[in-house]
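My questions will all concern the structure given below.
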Amino acid sequence: MKGFIKEYFNFSKRERNGIIVLLIILVIIVSVRIIVNNTKHNKRVDFTEFEKDIDRFIAYQTPDFSKTPLSFDPNTADANQLLSLGLSPRSVNGIMQYREKEWKFYKPEDMLRVKDLSEEEFEHIKEFINIPKKSYSKNYKYQYPDKNETVKEHELFYFDPNTASKEEFLSLGFLDWQSNNIIKFRNSGGYFSEANDIEKIYGLDPEFVDKLKPYVKIDTVFKEKPNISNENISVNLNIATGIELQKLSGIGPSYSKRIIEYRDKLGGFIDVEQLMEVYGFTDELYESVKNSFIIDTSYIKKININTAKYVDLISHPYINQEITKSILNYRKFAGEIKTLEELVAQKAINQVVLDKIYPYIKTK
């Protein structure tokens, strides 16, 4: 045994000094690596500016339903009055822009014409809308014409809205775009079964409707509502227009607007069941239309998580503030996210979250 040790572990003074130097160098390298790694992992990313941006973004689009509205006229109320109702700054800005176009609100429902005003906000304030009728009786225009549109004198005569021509609608006082919408409505299977159905035409003033009703004469063919089925109708959910959506029984202008708005926020539908996430969509309506929709995922718009800004991510319905911070935090640490699975592997998000947002994000 002594011979074995002497043979393999007997070093000269020069060799021993060399081994000691190598051990010192090895210890230094390992120590530096440990220090660098710990420093890198413990480095905190300052998201103060991101948080300020998102706070401003959320405040801009979030209404305050805790406020109790007071009676107001949407045609004359200033921005501060509108904010005091609990409306979001975004909605108030939309109302002011609407009025800048010299358009008027003739009845409470006309406020739904404001693109940025949500239906929840309208429900919150609708009982407090007070529009003086006398304010708009002078030089009355039947609808919201463009600034360069001239208003002609009109005559009233008996007509059937199910068969009247565009020229007849124009002679009665309808605007060009209204006449086109009525004809499109009829071409898509819509019909008027009684004089009161005229009220369903989007944006008509009550005074004009009252004048029209006595002259509405509907043929007996349209008085019995037909049994409309959606079985033979196919609609591509990810590219359908409002008019195409309204071909389906049960989906009118309000639902089609909500569907398109939610589709734009999502980036597209990957499953028909996502319609149940649309505000106000009922189980009964879903059951009646679900088999009529075609889902083409090639139209899905994905967010590039390597270039997306804070607002781009958090604006998606499935990506909240916590997920947004985690993705951006990891991106800053890694420099570039190479694969989506990397987010789970590095514990930036969990698998459940990734499965939900996977169809809507990409790395390139």
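Computed from the coordinates by the stated procedures, all read-outs in this text should not be read as laboratory data. Worth saying up front: this structure is predicted, and the values here are computed from it rather than measured. Glycine also receives a Cβ, built like all others from the backbone with ideal geometry; neighbour counts cover every protein chain displayed.
Want the number for Glu199 to Lys126: 0.36 nm per residue separation, take away the alpha-carbon distance, what's left?
Full extension from Glu199 to Lys126 adds 24.5 nm.
Then there's this: Cα gyration tensor of segment 235-299, axes a ≥ b ≥ c as square roots of the eigenvalues: rounded (a/c below 1.5), prolate (a/b > b/c) or oblate?
rounded
With a 10 Å radius around each residue's Cβ, average the other Cβ atoms per peptide and rank 113-126, 274-287, highest first.
So the peptides 113-126, 274-287, ranked by packing, come out 113-126, 274-287.
Once you place label points 7 Å from the Cα toward the Cβ at Glu49 and Ile34, how far apart are they in nm?
Going by the 7 Å Cα→Cβ label model, 3.7 nm.
What is the gain in length, in nm to one decimal, between Lys309 and Leu26 on full extension, counting 0.36 nm per residue of separation less the C-alpha to C-alpha distance?
97.5 nm
While we're on this one: When the chain is fully extended, how far beyond the present Cα-Cα distance does Tyr286 get from Asn236, taking 0.36 nm per residue of separation?
That works out to 16.5 nm of additional length.
What is the spread of the Cα atoms of segment 303-362 along each of their three principal axes, largest first, in whole Å?
Dimensions of segment 303-362 along the principal axes of its Cα atoms: 24, 22, 18 Å.
Give the calculated FRET efficiency between Glu207 and Ile294 to the nearest 0.05, with a Förster radius of 51 Å applied to their Cβ-Cβ distance.
Details: r = 43 Å, r/R0 = 0.84.
The calculated FRET efficiency here is 0.75.
Could you give each residue of segment 346-362 its phi-based ³J(HN,Hα) in whole Hz, using Karplus coefficients 6.51, -1.76, 1.60 with θ = phi - 60°, and x for Gly or Pro?
9, 6, 6, 9, 9, 5, 4, 5, 4, 4, 6, 9, 3, x, 10, 10, 8
Take each of the peptides 99-105, 29-35, average the number of other beta-carbon atoms within 10 Å over its residues, and list them starting from the highest.
Those peptides, ordered most packed to least, come out 99-105, 29-35.
With the crude spin-label approximation of a point 7 Å out along Cα→Cβ, what separation in nm comes out for Glu168 versus Ser66?
So the label points at Glu168 and Ser66 sit 5.7 nm apart.
Starting at the first residue of segment 295-312, write each ³J(HN,Hα) from the Karplus equation 6.51 cos²θ - 1.76 cosθ + 1.60 with θ = phi - 60°, in whole Hz, x for Gly and Pro.
Each residue of segment 295-312 in turn: 9, 10, 6, 5, 8, 5, 9, 9, 9, 7, 6, 8, 10, 5, 8, 3, 5, 4 Hz.
Let me ask something additional. Which order, highest average first, do 327-340, 254-267 follow once you tally other Cβ atoms within 10 Å for each residue and take the mean per peptide?
Descending mean neighbour count gives 254-267, 327-340.
Here is a further query. Sort segment 64-131 into rounded, prolate or oblate with this rule: let a ≥ b ≥ c be the square roots of the eigenvalues of the Cα gyration tensor; rounded if a/c is under 1.5, and if a/c is not under 1.5, prolate when a/b is larger than b/c, oblate otherwise. All intermediate terms of the calculation are to be shown ahead of the outcome.
Details: a/c = 1.41, a/b = 1.29, b/c = 1.09.
Rounded, since a/c falls under 1.5.
Considering only Cα-Cα distances, which of the following residue pairs are longer than 28 Å: Lys107/Lys211; Lys257/Lys347; Lys247/Lys356; Lys290/Lys356; Lys302/Lys332? It would help to have the intermediate numbers written out before the result.
Working: Lys107/Lys211 16 Å; Lys257/Lys347 38 Å; Lys247/Lys356 31 Å; Lys290/Lys356 21 Å; Lys302/Lys332 20 Å.
Checking Cα-Cα distances, Lys257/Lys347; Lys247/Lys356 exceed 28 Å.
Apply the Karplus parameterisation 6.51 cos²θ - 1.76 cosθ + 1.60, with θ equal to phi minus 60°, to every residue of segment 101-116 and state each ³J(HN,Hα) to the nearest whole Hz, in sequence, with x for glycine and proline.
After applying 6.51 cos²θ - 1.76 cosθ + 1.60, I find 7, 6, 8, 10, 9, 9, 8, x, 5, 5, 5, 5, 6, 6, 4, 8 Hz.
Distance in nm between label sites at Lys217 and Ser12, each 7 Å beyond Cα in the beta-carbon direction?
12.7
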